[in-house]
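First comes the structure, then the notes that go with it.
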Amino acid sequence: MNSVPSQCPLWLKKMKIIKIHLISCLFIFSFLSCNQKKEQKVEAKTFAQTEIKLDLLELQAKNKLGKDTVVSITNDPVYHKAKKYNAVNASLLIKNEIDLTKIDPKNTKIVFECIDGYKPEMPLELFLKANPYLAFEDVEAPKGKKWEPIIKDGNEMNAEPFYIVFPSVSEKDSRYKWPYNLVKIYLDPLDKSTLELFPLKNRKLESGYVLFKNHCLTCHSINGIGGTMGPELNYPKSVTEYWKEKELVDYIVNPASFRNKVKMPTLGITKQQSQQIVDYLKYMSENKKKI
């Protein structure tokens, strides 16, 4: 029924062919348009991830932290004892302030920005599922104070204004970060530091990169990526350009053997692992980016 009879006039055959071409063109246009919209959504989602930042002090001033409660920690990894805090639900706070439908939690990390420059991070999906709380006051603090002082390696520090705690997570699980002195939270693509700091030109240095990422990146930065508690290690001069290599390896293993009351902690790594970190730093010294 749909075929054109052989005796059909020539003009009718041409009209039929034109109609088929028009339908094909409309289909292709519709397909390309849908793909373009999908690409735009992906670009918008990626852009949104880099723009999301929560100023916790600002939210507190606006009374937008959420409902407070008392949480108990069996063995606090910072105070090394049982503690109680006035706190708000951190997962609920993030869900109230950030439209999580616009990001992919599985491919996003949460970064904690502290006053002292410490900048730990962890996968957002892991954080949201762990029942975290944002502590804003130490219930057992000395009279007249909001927080009990933290004594670490002979140095006295303050947890104020905020401290992330996990009532249902073991303090021995290194996947979870317990940042104190916290002021801001922001989200980034999960692979951001990997893409920019991974030793693509020499895969043999991957172990040094992993060690640096797990032990050093929260306090130190390379090419501006990382924490600011310690000095930038690569720009304008790499630490490997003015330290003697053997001494740098020994220093990373045991900082206290070089400096009294040094703030850098003992990382618990071997001399061989320290050498791997230094080898990675030497590689990055040849891959500098202006900050």
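The residues on offer are A48, A44, and the sole one that is surrounded by 13 or more Cβ atoms within 10 Å (Cβ to Cβ) and modelled with pLDDT under 50 is A48. Taking the range 276-291 as the range and being in a helix (DSSP H, G or I) and open to solvent by 60 Å² or more (accessible area, probe 1.4 Å) as the test, only K282 passes. Restricting attention to the range 216-258, the residues that are polar (S, T, N, Q) and within 14 Å of Y280 (Cα to Cα) add up to 5. Number of residues in the range 198-215 that are without any contact (Cβ under 8 Å) to a residue 40 or more places away in the chain and over 20 Å from the mean Cα position of the chain (by Cα) equals 3. If we scan the range 230-248, do we find a residue that is under 30 Å from P105 (Cα atoms), part of a helix (DSSP H, G or I) and modelled with pLDDT under 95? The answer is no; no qualifying residue exists. Flag not set for I252, criterion: out of contact with any strand residue (DSSP E or B) (no Cβ under 9 Å at 6 or more places or on another chain), closer than 14 Å to H215 by Cβ and either in a loop (DSSP other than H, G, I, E, B) or in contact (Cβ under 8 Å) with a residue 60 or more places away in the chain (or both).
Within the range 161-171, the residues that satisfy the criterion of being open to solvent by 40 Å² or more (accessible area, probe 1.4 Å) and either in a strand (DSSP E or B) or touching a residue at least 40 places away in the same chain (Cβ under 8 Å) (or both) are P167, E171. Among the residues making up the range 100-125, those that are in contact with a Leu (Cβ under 6 Å, 6 or more places away or on another chain) and not aliphatic (A, V, I, L, M) are P105, N107, T108, K109, F112, C114. Can you pull out every residue in the range 224-259 that is open to solvent by 50 Å² or more (accessible area, probe 1.4 Å) and either in contact with a Gly (Cβ under 9 Å, 6 or more places away or on another chain) or acidic (D, E) (or both)? The answer is T228, M229, Y235, E241, E245, E247. For S221, the conditions (1) modelled with pLDDT of 90 or more; (2) among the polar types (S, T, N, Q); (3) surrounded by fewer than 19 Cβ atoms within 10 Å (Cβ to Cβ) are fulfilled apart from (3).
Do we find a residue being of a type outside the set (A, V, I, L, M, F, W, C) and free of Cβ contacts under 8 Å to residues at least 12 places away in the same chain anywhere in the range 119-126? Among the residues of the range 119-126, not one is of a type outside the set (A, V, I, L, M, F, W, C) and free of Cβ contacts under 8 Å to residues at least 12 places away in the same chain, which makes the answer no.
Looking across the range 172-191, the residues that are acidic (D, E) and either over 18 Å from L128 (Cα atoms) or buried (at least 16 other Cβ atoms within 10 Å of the Cβ) (or both) come down to D188, D191.
When residues in the range 255-275 are screened for being in a loop (DSSP other than H, G, I, E, B), touching a residue at least 60 places away in the same chain (Cβ under 8 Å) and among the aliphatic types (A, V, I, L, M), 1 of them pass. Would a scan of the range 189-196 turn up a residue that is modelled with pLDDT of 90 or more and out of contact with any helix residue (DSSP H, G or I) (no Cβ under 9 Å at 6 or more places or on another chain)? There is no residue in the range 189-196 that is modelled with pLDDT of 90 or more and out of contact with any helix residue (DSSP H, G or I) (no Cβ under 9 Å at 6 or more places or on another chain). The residues of the range 192-208 that are over 27 Å from N181 (Cα atoms) and either in contact with a Ser or Thr (Cβ under 9 Å, 6 or more places away or on another chain) or open to solvent by 20 Å² or more (accessible area, probe 1.4 Å) (or both), listed by number, are L195, E196, F198, L200, K201, N202, R203, K204, L205, E206, S207.
The values are calculated or read from the model by the stated rules, or taken from the named source; none is laboratory data. Keep in mind that this is a model prediction, so the values were computed, not measured. No Cβ is skipped: glycine too gets one built from the backbone with ideal geometry, and neighbour counts run over all protein chains shown. Calculation scope for accessible area: heavy atoms of the full protein, side chains included, ligands and nucleic acids excluded. Shrake-Rupley method; radii C 1.70, N 1.55, O 1.52, S 1.80 Å.
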